[in-house]
Structure formats: C-alpha cells, structure tokens
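J.: The following block contains the structure, expressed as structure tokens.
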Amino acid sequence: MADNKKRRRKDPAGDELPFKNKLKPDSAIMETLKQFSASSSSSSVSQTLTLQDLSLPFRCREVADLSLSSVQSNIESLILRIAHSILSGHGFSFDVPSRSAANQLYVPELDRIVLKDKSSLRPFANISTVRKSAITARILQLIHQLCIKGIHVTKRDLFYTDVKLFQDQIQSDAVLDDVSCMLGCTRSSLNVVAAEKGVVVGRLIFSDNGDMIDCTKMGMGGKAIPPNIDRVGDMQSDALFILLVEKDAAYMRLAEDRFYNRFPCIIVTAKGQPDVSTRLFLRKMKTELKLPVLALVDSDPYGLKILSVYGCGSKNMSYDSANLTTPDIKWLGVRPSDLDKYKIPEQCRLPMTEQDIKTGKDLLEEDFVKKNPGWVEELTLMVKTKQKAEIQALSTFGFQYLSEVYLPLKLQQKDWL
Amino acid sequence: MDGDGSSESPIETKKAKSKTPRKPKETILKQKSPAEFFAENKNIAGFDNPGKSLYTTVRELVENSLDSAESISELPVVEITIEEIGKSKFNSMIGLVDRERVDAALYDDYETEKAREKRLAKEARAQEMQAKNAALGKKVKDTPASKAIKGRGEASFYRVTCKDNGKGMPHDDIPNMFGRVLSGTKYGLKQTRGKFGLGAKMALIWSKMSTGLPIEITSSMKNQNYVSFCRLDIDIHKNIPHVHLHEKRENKEHWRGAEIQVVIEGNWTTYRSKILHYMRQMAVITPYAQFLFKFVSDAPDKNVSIRFARRTDVMPPIPMETKHHPSSVDLLLIKRLIAETSKQNLLQFLQHEFVNISKSYAERLIGEMGPDFGSKMTVKSLTSQQLVRIHQLLRQAKFDDPSGHCLSPAGEYNLRLGIIKELHPDMVATYSGSAQVFEGHPFIVEAGVSVGGKNVKQGLNIFRFANRIPLLFEQGADVVTRTAHKRINWSSYKINQMQDKIGVFVSIVSTKIPFKGTGKEYIGDDITEIASAVKYAIQQCCVQLKSKIVKKMHAREQQERKRNLSRYIPDASGAVYNVLKEMTQLHASKKIRYGDDDAELLSKVSENLITKETLCEKLSKHVEQVYSLALCVKVS
C-alpha cells in the first residue's frame, strides 16, 4: 500500500492522509519560510555575546582554539614543572579543572552551560588519584607527539596506544577532556578527534580538506560530517533552514524523499547523542549561513535532552561550550501536544517508565528548559500524561506521512517553540 | 512407689488374663539391682553399641586417671593401650576351641549357589572392563578390593589398658570400687569429671556382657611397699563384686598409681577417629598431662601410637569440695544433711552446712520461719512439716550467689596453649568469665577464639569442654554450637563466618553441669544463664581479635596502597621522561628559549645525567615517604 502511494505521490489522490487537506500549496509555505529565514538571519547578527561581555560575579573557565605549537609549548612547560618537582623529591601533581556538576553553571544571557573555575589537585602519591595522574602524564606525552608530528588521531587510536594502562576507553576519553581543559584549548586543538558519527544531506556545498562537497549529490546516505572542523570551509547554501533530526530512521525517510528539494533545507543528524564534530559543524553552519535551526526529536525526555546538548552544551564538555553550542534552536516536533493534535493512536504511544518520569521532572528544574515557557508547558504535559512517542509513531498513517504531511503542516503553521 | 505398684496391678492382671496359657507368675514383684538396671539400659551411660562402648570405656578410664592424679596434685601421666584381639586368640583366652564350620548353610553369611554365580559374573564383568580400559590406555582407579564380608556375630574384641601415676586405691576398697555400681568417691559437691560412680563399673558390666572376661586392677598407693592386684567381675543381680583373685605383690620400683585392664567387644574402625579426637582434645584442655595412646593389632599398618607431650607444669588448683547453696537444696537433701550433720541446733546447722549463711542471717531466717522455730532447737527433732517450712523459706529467701572459689577452670593460659598446639592459628584470644550461678551451682565459662591455622576447616570449628572433658557427640543441639552459629555476629568483628578458619573453644566448669540427654554429651541451649555467659565469653574473645584483625587489615591495606602507587611509577616517569627527551632533540635543532632551570634540566637529560630511572627512583622515594607518613599518622 505504501509502495502504491509512493508511485502516486504527485497525484492529488493522497487525501486519505489525515490533515492533508489543511495543507496549502508548497509555494505558500515557502513564503512563510522565507520570512522566517530572513528574520532569524537578521536577529542572529546582533547576538554575539561572550563571557567577557558579561560581568559575572565569579570567574569562568573557557578554552580557545590553540595552534599546535602553543599546545606543544604548554605541554612542555607543564612537563618541565613536573620534572623539577619530581627531581626535588616532591612527587608531582596536576591541577585539573573540575568538571563535576557542582562546577557547572547555566548562564541565561548566553543560553549555554559554562564551567566555573574550581579545580582539584591530582597528586601522584595518593591512592585515589595515582591512576588518573599516571594516565594524565601518559596522555600529555602522546599529545606532545601528535603536536610534533602534526597528525590527527581518533580517541580510539589514542586508547590503543597504551591499552594496558588505560584499561578502558572511557578512562582515556575522560582524561583527554581533562587535559584539554587543563591546557585551556579545545579538544580539536589536541589533534584528537572522535570517529565520525553525524551525517548531513541537502542544500549545502562546502570544502572538506580542499575537496568541494555538494550535499545534494551525496546519494541517500548523505555526507559524513568530517571530524576535523578546521578543514571544513567555504560553506554555501540556498537553504531556508536547517532541520536537525534526532534519529537515523527519520533522517533516512527525509533524505530518500528528497525533502530538501521540496523545501530548500539542510538535514543533519548525529544519530542520537551528538558528538563533538556534529555540534561544531552545526554551529559553523548556523553562524556562517545564518540559517534558523529546527529540531525534530522524539517526544520523550531523552529527545529534549539531546536538544539541550545542541543548544546549551553538555556538562562533560562545558569548558568548550562557547564553540560547541548552537543557540536558538527551535523545537519543531514531535512535541507532546502533537500526540493529540495529530490524533496519534493509543497503540503508537508508549507509557513512560519510572526513570523517564524522573528524568522529565529533573529536566523541568533545569534552567535551559525554564527560560522557554513553551518548553515548560510541553514537558509538563508529557510528565502529566505519562506518555511518550517516537518520531516513527507518525508512520502509523503511512511511512511518508512525516515528509508528506506532518513537516509541511508544521512549517506552514510555524508551529515551533 | 507403692501407689504406682497398686495402680498398675489391675492392668497387669488384665494382661495376664489375656494371655491365658501363661502362668500367673508374671505379677510377682521383682526387684532389680542397679547393676541390672544399667546392664539393661547401658545406653544411658554411653554404651549404645560396641563402637561407642569402646570409646566410652577409654574415656571413663582416662578421666578416672586424671582425677586420681590431680587429687594428689601430681602432673598426670596416662598411658592407654587398645589391643585388638583376633577371634582365635580370644577363643584361646577363654579356653574355647576354634571350630570349623561344618554346616555352612547354617550361617548367616552363607553364600547360596545363586548369589555366588551372580557375584562371580559381576566380578568377571568388572575384570573385563578393566582389561578393556587398560588396553585403551585409560587411567582407572583400582576397583575397590572386594570387602571381606564380615558376617553377623563376627565381633572384634579389644583389651583396653589404662595406666596412670595417680593416687592409687586402698587395697581393701578395690573390689567395691569396681564391683558395685553407684558406689564412688566423687559424690560430694565438687567439680569432678566423673560424677555417678558408673564409668569403670559400666566398662566391667560391658565386658561381662560381651566377653565374660574379668577386669584386672593393679594399684599401689604412696608409701605402700606392696602392689595390690585384683581380678574380679561383677554379680549383676546382686550388684556386688565377684573377686577371682585379690592379692598383694611385691613393689620393687616403689611404683604408685593404678593400671586397669579390661577386655571388651568394640569397633575400632568406626570409632577410631572419635577416640583420637577425644585424646587430642583432652590433651588440649589438660596440657599439663602427658598421654601416650597406642593401638596395637596384628596388622602393623593399622597400628597407632601417639604421644601427647606435656606442655606446661602449671596445673589448675584442685577443685574444692563445697557446701550446698541454700537455694539449690530440696527436701530430701535437707533431710540427708540433717541426718549427717554433727551440729546440734538449728542455728549452727544453717550456719555451717550451707554456704552464704552468716550467723546473723541464720537468726533472721529462723525468726522468719515462725513462732514454733528457735535457734536453740535440736535440728534432729524437726518434724516433716517444719522441714517443709524450712525448705520453702530457703527457696524464697535471698542469698548471695555462691562464689566460684570451689571451681577449677582450665585457665586462659592452658586454654591458649591447647589452642595453639591443636590448631596453630594465626591469632588467638581467650577470655575467662567470672563465676555465675545456675540453680545454686556456680559455673565459670572460659572461651578461646582462633582464626586461621593448619588443617582447620573453613567456617566454625567448635570445641566443647565440660568440667574439663571434651564433648564430642550431639554437637548440633549444644549451647556452644547454637550460640556460635546463631547469636554471634561474626562479621561485626571483621571475621567471615563462611570463609575464615575459626576455632571456637568453650570450657564450662561447675559443681553440677546441667547435661541434657542421657550421656554426658551436651549441654542444652535452654538455660539462659549459661547461654548468655557463653555468648559473652565468645564476644569478649572476638573483641580482642577484632583489634588484631583490624590492625592486620590496615597493614595489608597500606601494603596494597603502596603497591598500587608503585605500580604506576614506571608509566608516569616514562611519560615525563619521553617528553623531556623529545624536547632535548627539538632543543638541539630549533632554538627555543627556556629558563635557566629548564635549560639545565634539559641539558642533563641530553647528557644522560637524568634518565627514566632517575625519575623512577625519585618518585618511589617520594611514595615511600608519603606512605610512611600516612602510617605514622594512623598510628598516632
């Protein structure tokens, strides 16, 4: 049945899809989108606040992109200090900025999480920190080598250089973040990248390491987002907005249906929790192309959490939130209120687990949710009804309902928060 | 008793009527001698079966020997020998001619033709299998050699000899001491191992029942120039000794002591471990005694010879005979005391025949008894009603608890020695409680708890002693076992009840041990006084152990910490050194400016004055310093 419909997509016979009759012609929707795009590009120009602009009552720690040579000299001076300390018989210790939750702060003016300047000592001669300080020293040495050779490695590579010491990639990854925090540089400046996870498709042309990439001609899968954002440049686009999709499945549907040709847009997904390079890429697109960002996530606390990571940054990497966050992301769907609005049948909704409800309630306490009254309302509704739904719940009306009806209608109604 | 007899008689007659062909002789009142009673109910005294009987015989003889030596403050030396006697030897001993079986089918173990075929077929099969396996090169266990089938009535006999260096026995008393059940020297109120005057006599009764051979006693006392020798058995019906030979012999070596030899039916195979356990635990609780245990048989590989050497010369004081505590007497006992007393009037009687009654207290008691009592009234003239009144008052009045002076506990020192010898534990703690009272009898609980050791099972290993005799049977119901398993929270003392090798030794001494059941085998769990005293004693040991264990754990933890720290030294110093090394190379090629200190450091690295080893060494020194500092802080 779905197959049949695909063939007759252009026919007006698609009336069986609910709400389809409410859709205005695409051109009308395009008009609204153009207005929206224009207004957001003008507004985003004015918003370039930095930490320094605010006179906060405490000091915050932020990192910057550093050149390889300065990273190298930072490491060298650190190691020299340690060597002196060891030789004078005092052992050694690292002064590592704390990345614990207590040291995080949401700054509403910036709309992102920043790291306060609390730090903890990591002495070698202490049973609880000996392991970490040994790992830190080792990571510093490895980064130093990368600096000398001027090459990039993945986090996995780094882990495999000394599996015996690191034991678990989680440990080397955590220390890596500590190190970049300690040296005051972004993780990308350490020449360590995460494996590529995000993909992009749509009306975007950019250069990756000198090669021009046209994202409309990348087939169905789209272009993998390159891990080294510093090698990405020359972004051009005639899109009206960026569509951020939580999940691979929804992304595939949209890419296959060439949604970006119907409404000029760029579709991005990080397949779940976003990695650093996807976040960097999104930010770069947003700042360079000045496009509004609309998010399509699941209607559950987890979806909202992913949205918040794009928007305000993760706690784990809050030291680099200035580079990683994309402000002003609009929550397009699927929102808890959509479940009734689009008459999603009961069997497609899922009851929330205890854990879900708890996460939802915790989110209600978070500042980045509170600052948006619309979000609070939606989240309260979710916690109250104790129901969640995935983007795929829309497939109950047909596999293409998402691209044929739901999204166009949402765009037409400017139904984003 | 009379009432019982009359009420039962109608039933008896009914029975007789129902069995008409029987003669009315059944209703005749019969009397049983104590010896007969115990012969019929020998399980009461621990003679349930041949094996147990062998064990109990050994036990009674050893305990008598110890009591005897201790009574004259002599360090005991006890030699016990069990000699296995084969059937033919036994027959020759009793003058019976060995007879070959003529009518084979008459016997119980006769193998019928069918059974024989079956057995042979089975054996052939087994052999075939073995051959097959051998051919295949498989390793096979030797098939158990077909057990020699031991038929019914194929009893084993043992000669048990026990020799000691004790007090010996007066020549003329010997027949009565062995040939009369319920006669004894230990009836006073005193902590003794034996109590009822049963042990040696029961051995004699058992020998009479199973072998018919008499008991032989050799004994000599101090300053006697002769040795008494007596061979006797017992007339069970009359409960009197039947003397075969009673003579004085020359005592050339001025030997003092006693040697008792008895031939009984037994079972060494099944009770071997029990007997050896008994001897070993006896050696634990009486480390001042020397034991020599021997088992002799025709098969030399089965022979056992163990010497339990004396480990100390310190002997606990002899238990003193004490007077009754007023709250523990009954009517009969009061009557007996009155009959035996040398005191004339009531006041003196109360004051001198009981503990914890002073003169003034006796007067107050007499005043309380009523107007028809007076201090001066002659005690022997009291009527039965008056005795009841006295009994009631003694029951209700308040008296000080009896002191434990009359008791002779093993002592913490002896207990500790015993535990160390027996278990070789990693650590041991002992505790000796103060005297407490149960039903007017003082008792003292001593405990020892050990952790670790050689050949010790994981979990709780319980060792029980009552009046310094080991208790081996009925362990499950015993107050010590129950307390140790159920009421001690071992984990709160950092002891793991399942994993650690725990030894729990509890010794209880009292003028009257409240044994449960028939034999002297266990103390019931229902006496709260004893249960709580046992619990407290064990807990006290555990408290001592805990501090030791915690210290040990702490030391181990420190060691662990140090090891953990040291483990990362090569990693950390290697990382630092490698960066330095790289830097020296860069330093040489490019001209990067460093501070003076840094430049000096780098030049030392390039000249190999500072190597990875230097850093390692410095770092481990630092760790050592921090570690020893941490230890000092913990200690202070």
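Throughout, read-outs are computed from the coordinates displayed, never taken from laboratory work. This is a predicted model, so every value here is computed, not measured. Cβ: placed from backbone, ideal geometry, glycine included. Neighbour counts: every protein chain shown.
J.: Return one quarter of the surface area of the convex hull spanned by the alpha-carbon atoms of chain A, equal to its mean projected area, in nm².
T.: 22.6 nm²
J.: For segment A:246-325, rounded, prolate or oblate, judged on the Cα gyration tensor with a ≥ b ≥ c (square roots of eigenvalues), a/c < 1.5 rounded, else prolate if a/b > b/c?
T.: In terms of gyration-tensor shape, oblate.
J.: Please enumerate, by chain and number, the lysines with C-alpha under 18 Å from the C-alpha of A:K271, excluding those fewer than 8 residues away in the same chain.
T.: By straight Cα distance, A:K271 reaches A:K197, A:K223, A:K247, A:K305.
J.: Just to check I understand the Karplus step: with θ = phi - 60° and J = 6.51 cos²θ - 1.76 cosθ + 1.60, what whole-Hz values come out for segment B:551-564, glycine and proline as x?
T.: So the Karplus estimates, Gly and Pro as x, are 4, 4, 4, 4, 4, 5, 4, 4, 4, 4, 4, 4, 5, 4 Hz.
J.: From the backbone phi of segment B:223-236, what are the Karplus-calculated ³J(HN,Hα) couplings (6.51 cos²θ - 1.76 cosθ + 1.60, θ = phi - 60°) in whole Hz, Gly and Pro given as x?
T.: Values per residue, Gly and Pro as x: 6, 9, 9, 9, 10, 7, 10, 9, 10, 8, 10, 10, 8, 5 Hz.
J.: Considering amide H positions built from the backbone, and no H for Pro or chain starts, which residues 5 or more places from B:K501, or on another chain, come under 5 Å of its amide H?
T.: B:G452, B:G459
J.: I would also like to ask the following. Could you work out how far helix B:2-18 tilts from the main Cα principal axis of chain B, as a 0 to 90 degree angle to the nearest 10?
T.: Between helix and principal axis, roughly 80 degrees.
J.: Could you give me the ³J(HN,Hα) list for segment A:89-99, computed from phi with Karplus coefficients 6.51, -1.76, 1.60 and θ = phi - 60°, whole Hz, x at Gly and Pro?
T.: x, 9, x, 7, 8, 9, 9, 9, x, 6, 10
J.: Listed highest first by mean packing, meaning other Cβ atoms within 10 Å per residue, what order do B:286-297, A:340-351 come in?
T.: Those peptides, ordered most packed to least, come out B:286-297, A:340-351.
J.: Beyond 21 Å, what percent of the Cα pairs of segment A:270-388 remain?
T.: 39 percent
J.: Return the subset of B:K30/B:K335; A:K22/A:K330; B:K512/B:K535; B:K52/B:K238; A:K330/A:K370 for which the Cα-Cα distance in this structure is over 18 Å, preserving the input order.
T.: With Cα atoms farther than 18 Å apart: B:K30/B:K335; A:K22/A:K330; B:K512/B:K535; B:K52/B:K238.
J.: Next question, about the same structure. Just to be sure I understand: if I project the alpha-carbon convex hull of segment B:326-396 onto a plane and average over all orientations, what area do I get in nm²?
T.: Directional mean of the projected Cα hull area for segment B:326-396 stands at 4.0 nm².
J.: What list of whole percents do you get for P(r) of segment B:412-551, with Cα-Cα distances grouped in 10 Å bins up to the one holding the largest distance?
T.: All Cα pairs, binned at 10 Å, distribute as 13, 46, 33, 8, 0 percent.
J.: Follow-up. Just need log10 I(q)/I(0) for segment A:127-255 at q = 0.10, 0.17, 0.20, 0.23 Å⁻¹, Debye formula, equal scatterers on the alpha-carbon atoms, no solvent, rounded to two decimals.
T.: -0.45, -0.93, -1.07, -1.26
J.: Now for a separate question. Over 19 Å between Cα atoms, which of B:K501/B:K548; B:K454/B:K551; A:K164/A:K315; A:K343/A:K388 qualify?
T.: Checking Cα-Cα distances, B:K454/B:K551; A:K164/A:K315 exceed 19 Å.
J.: A further question follows. From the Cα gyration tensor of the protein assembly as shown, with a ≥ b ≥ c the square roots of its eigenvalues, which class applies: rounded if a/c is under 1.5, or else prolate if a/b is larger than b/c, or else oblate?
T.: Taking the square roots of the gyration eigenvalues as a ≥ b ≥ c, the protein assembly as shown is prolate.
J.: Connecting C-alpha atoms closer than 10 Å in a GNM of chain A, tell me which of A:L115, A:L339, A:L190 has the biggest fluctuation.
T.: Fluctuation is largest for A:L339.
J.: Another one. Mind listing the Cα extents of segment A:60-193 along all three principal axes, in Å, largest one first?
T.: 46, 33, 28
J.: Return B:W490, A:W331, B:W255 ranked ascending by Cβ neighbour count within 10 Å, so the fewest neighbours appear first.
T.: By the 10 Å Cβ count, ascending: B:W255, B:W490, A:W331.
J.: Only bridges with both residues in chain B count here: give the DSSP antiparallel percent, nearest 5.
T.: Of those bridges, close to 80 percent are antiparallel.
J.: Given the options A:V153, A:V114, A:V193, which has the most mean-square fluctuation in a GNM of chain A, springs set between C-alpha atoms less than 10 angstrom apart?
T.: Looking only at A:V153, A:V114, A:V193, the biggest GNM fluctuation is shown by A:V153.
J.: Right, next: Using the Kirkwood radius over C-alpha pairs as Rh, can you work out the diffusion coefficient of chain B via Stokes-Einstein at 25 °C, viscosity 0.890 mPa s, in µm² per second?
T.: 79 µm²/s
J.: A follow-up question, please. Amide H neighbours of A:F241 under 5 Å, counting only residues 5+ apart in sequence or on other chains, H built in-plane at 1.01 Å?
T.: Distant-sequence amide H within range of A:F241: A:I266.
J.: Straight-line reach from B:K520: which aspartates and glutamates have a Cα under 15 Å away, not including same-chain ones fewer than 8 places off?
T.: Reachable aspartates and glutamates: B:D48, B:E60, B:E63, B:E474, B:D478.
J.: Amide H neighbours of B:I462 under 5 Å, counting only residues 5+ apart in sequence or on other chains, H built in-plane at 1.01 Å?
T.: Counting only residues 5 or more places away or on other chains, the set is B:V504.
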